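Below: the structure, in structure tokens.
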Amino acid sequence: MIHPDTADSAHARLSPGSATWLLAGALLLVAGSAHGQDIDPQRRDMARPLIENVITETRDEATEPAVSRKAEREAEDQEAVPTAETEPTPEPDSPPEESGPRQPRVERGGSLIGSGPSSIPPPAFSSTDDQASIVSTDRTPSNAVGDFEPGELVLISEDMPDAVAMARELAGYRLRIKSRQALEQLGLVISVFRLPTGADTLALLTEIRRESPNIRLDVNQRYRLMAGPRQRYGQEMIGLSMDSTSCLGNVRVGLLDTAVNPGHPALAGRSIDMAQFAGPTPAPSDHGTAIASLWVGDPDQGFTPLMQEASISVAAVFRQRGNDTDTTTDILARGMDWLLGQGVEAINLSLGGRENRILDLVLQRLLAQEILLVAAAGSLGPEGPAVYPAAHPGVIAVTAVDANKRHYERANLGDYLDFAAPGVHVWAATENGTAYHSGTSYAVPFVLAALMAEKRLYNDWLQNSFESALDLGPLGKDPIYGWGLVRWPAGCG
């Protein structure tokens, strides 16, 4: 898709000379500007003012001395090349804010229905679970407050030598390594850089992309759970019965979510492996526990499991920051790399955010391994812009309907939708109990299970799923229900 490119941004130096030569040079520059001539880029760089912005930092290194490019390169040369290097990051009590000029939002044609002018921000919701920030960074990065980690950029590289070489080039912009890790299963290396104090994250990213348009560098995007308020209902509407899951006896699926409480009565004795990636303040396990209970919940506890004998690998990627539950691009990448190493056949992505170059490449690698990716369409309402990863080509996007097959009022619309499934008043577990849940998050496990059953039975499993879906809107695929309500394959029983 894109390939690394670099730009040398070393500043030109003026050697000492006589006052006459200095005065003559200054007059030439003034004369060139007065006649509309372009100034040499290196000299123009010298005249460019430092981009100023306030970045909330909790680190001790809040100030960074100016260092020469030579010193930075020498330090990089002395750096060991480990498989993973990480710097512990204290979590702030509330989302950091970043100031700076507003930039226009860029929307992809055909991926959003009824969005209105691109300058209109996404609608605000009272529930923090519904506040996914959705704007493409394909060309122009977004500038939404709290949408990404301020003062950080993420680079994806093909291997470790490439990562080190790119770090040397980016040192010209005074970027410093925060962490670097080999994603061995994906065959990539992910690096997180800390920006110099006072630098505007988006302005600096735009500057680097202008010099190197194909560089695999992006903001460290934040992603949120695609859930909504809890309320009430059941499994029968997709045609599932207790004796119709036998074809999924040895399936292993991945869950990229919060942690799961394996000690919950509904999950006791189930095959659940888990790895924590969310740092010192992981989010509560309500959301992940609910998804897991829909798949393997104990019938004796009142559940109708979609895949009773399935094994689940859980990558716990969500953190708690004050009242916010979210994750970031680099955490998601590490979680997906681990899931690939666990041998999962499918990954449940009940989360959403903006498009991101780094996440796009990771998704491409997973799809190339024939991993089924099923994602929540989003809960930003009919006017909400496209949610990623659901809108990524090759990912199955799922919207929610209620027990009467009516469209969930907060669900996104768009041509990227593939299926509808129960997602309003769904009965599922909480961290330590049970409750009714609503949101496109809870529709995803229904579709993933149904597609896995189809995949076990038929060669043309995806086409069969499209054709067997119950058409709920205009004839054929539409931007409200996709192909329609997913149906459980009869042959699985």
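The values are calculated or read from the model by the stated rules, or taken from the named source; none is laboratory data. What you see is a predicted model; the values in this text were computed from it and never measured. Don't worry about glycine lacking a Cβ; one is built from the backbone with ideal geometry, like all the others, and counts go over all protein chains shown. Accessible surface areas use protein heavy atoms only, side chains included; no ligands, DNA or RNA. Shrake-Rupley method; radii C 1.70, N 1.55, O 1.52, S 1.80 Å.
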What length, rounded to one decimal in nm, is gained on full extension from residue 275 through to residue 462, with 0.36 nm per residue of separation minus their alpha-carbon distance?
-> 64.3 nm
Length-normalised contact order of the range 286-400, Cα under 8 Å, at least 6 apart, in percent, tallies to 17 percent
With label points set 7 Å from each Cα along the Cα-to-Cβ direction at residue 431 and residue 406, the distance between them in nm comes to 3.3 nm
Ignoring ligands, DNA and RNA, what accessible area per residue does the range 307-364 give at 1.4 Å, in Å²?
-> 19 Å²
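Please give the per residue volume of the convex hull enclosing the alpha carbon atoms of the range 310-462, rounded to a whole number of Å³.
With only Cα atoms used, the range 310-462 gives 135 Å³ per residue.
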At a Förster distance of 56 Å, what's the computed FRET efficiency of residue 165 paired with residue 470, Cβ-Cβ distance as r, to 0.05?
-> 0.55
Work out how much length residue 214 to residue 490 would gain on full extension: take 0.36 nm times their residue separation and subtract the Cα-Cα distance, in nm to one decimal.
-> 94.6 nm
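Give the residue list of GluC sites (Glu not before Pro) in the range 368-443 that are DSSP loop and have at most 15 other beta-carbon atoms within 10 angstrom.
Sites meeting the loop and neighbour criteria: 370, 383, 409.
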Using Cα centres only, tell me the gap between the range 406-421 and the range 271-313 in whole Å.
-> 24 Å
Sulfur and carbon atoms: percent of accessible area, the range 260-378 [1.4 Å] = 42 percent
